[in-house]
2 protein chains.
Amino acid sequence: MRRLTDDEITESVAGIDGWNLDEKFIVKRYLFREFLKGIAFVNEIAQLSEEQQHHPFISIDYKLVTLRITSWSAGGLTDLDFDLAKKYDEIFEKYTK
Amino acid sequence: MRRLTDDEITESVAGIDGWNLDEKFIVKRYLFREFLKGIAFVNEIAQLSEEQQHHPFISIDYKLVTLRITSWSAGGLTDLDFDLAKKYDEIFEKYTK
């Protein structure tokens, strides 16, 4: 997986909602109505991460879950990170209903 | 629940293994053999936290899970934090076998 150029990263970040660039990472905060809903979300993210062998940094601050992702093997952001960002958002969609 | 004095905190921290004082928090890092074992641990911690209505800050950096706890309502550390620290350690024990 090829590391993206700065221009490609700018374009890719613009194509996803609520994600911010933070050095070599993209970061998003997801807010849940209940603490255990956030934990259920983390479980889904964890299963997907393990299947893909691509693990985001996860933090849980009560009802606020933050995901931070990069491609260590490529030394920066790749298309895989942006594909996964979209998948995480799809998973989150279920929790907003 | 009464906020502990500095002396009480020093004594209580000495009574638990691997926990460090960080301003108003106590913090411990737990390392797991597998990513999904760390996630299982987080689930157990989350269930306990919800029962007690006392939620630690949790971060998951691949196989490394960090717990950070304080008593917001008391404005600092209380006996409850140290009781929970011991319970977290008991839960972790199962994952070391």
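The values are calculated or read from the model by the stated rules, or taken from the named source; none is laboratory data. None of these values were measured; they are calculated from a predicted model. Virtual Cβ from ideal backbone geometry, glycine too; neighbours counted across all protein chains shown. Areas reflect the complete protein model, heavy atoms only, side chains present, ligands, DNA and RNA absent. Shrake-Rupley method; radii C 1.70, N 1.55, O 1.52, S 1.80 Å.
Miscellaneous remarks
- Residue within the stretch A:65-72 that is over 27 Å from B:Gln47 (Cβ atoms) and modelled with pLDDT under 95 present: yes
- Considering residues of the stretch A:11-58 that are assigned to a helix (DSSP H, G or I), away from chain B (no Cβ under 14 Å) and hydrophobic (A, V, I, L, M, F, W, C) only, the residue nearest to B:Glu51 (Cα to Cα): A:Val13
- Residue within the stretch A:29-45 that is over 22 Å from B:Pro56 (Cβ atoms) and at pLDDT 95 or above present: no
- The set of residues in the stretch A:59-78 being open to solvent by less than 10 Å² (accessible area, probe 1.4 Å) and within 9 Å of another protein chain (Cβ to nearest Cβ) consists of A:Ile60 alone.
- Residues that are closer than 19 Å to A:Ala46 by Cα and among the aliphatic types (A, V, I, L, M) were ranked within the stretch B:19-52; the one that is most open to solvent (accessible area, probe 1.4 Å) is B:Leu31.
- Residues of the stretch A:1-10 that turn out to be part of a helix (DSSP H, G or I) and either open to solvent by less than 30 Å² (accessible area, probe 1.4 Å) or hydrophobic (A, V, I, L, M, F, W, C) (or both), as a count: 1
- Every test in (1) under 12 Å from the mean Cα position of the chain (by Cα); (2) open to solvent by 20 Å² or more (accessible area, probe 1.4 Å); (3) aromatic (Phe, Trp, Tyr) is passed by B:Tyr95 save one, and that test is (1).
- In the stretch A:45-61, the residues that are without any contact (Cβ under 8 Å) to a residue 24 or more places away in the chain and over 20 Å from A:Ala74 (Cβ atoms): A:Ala46, A:Gln47, A:Ile58, A:Ser59, A:Ile60, A:Asp61
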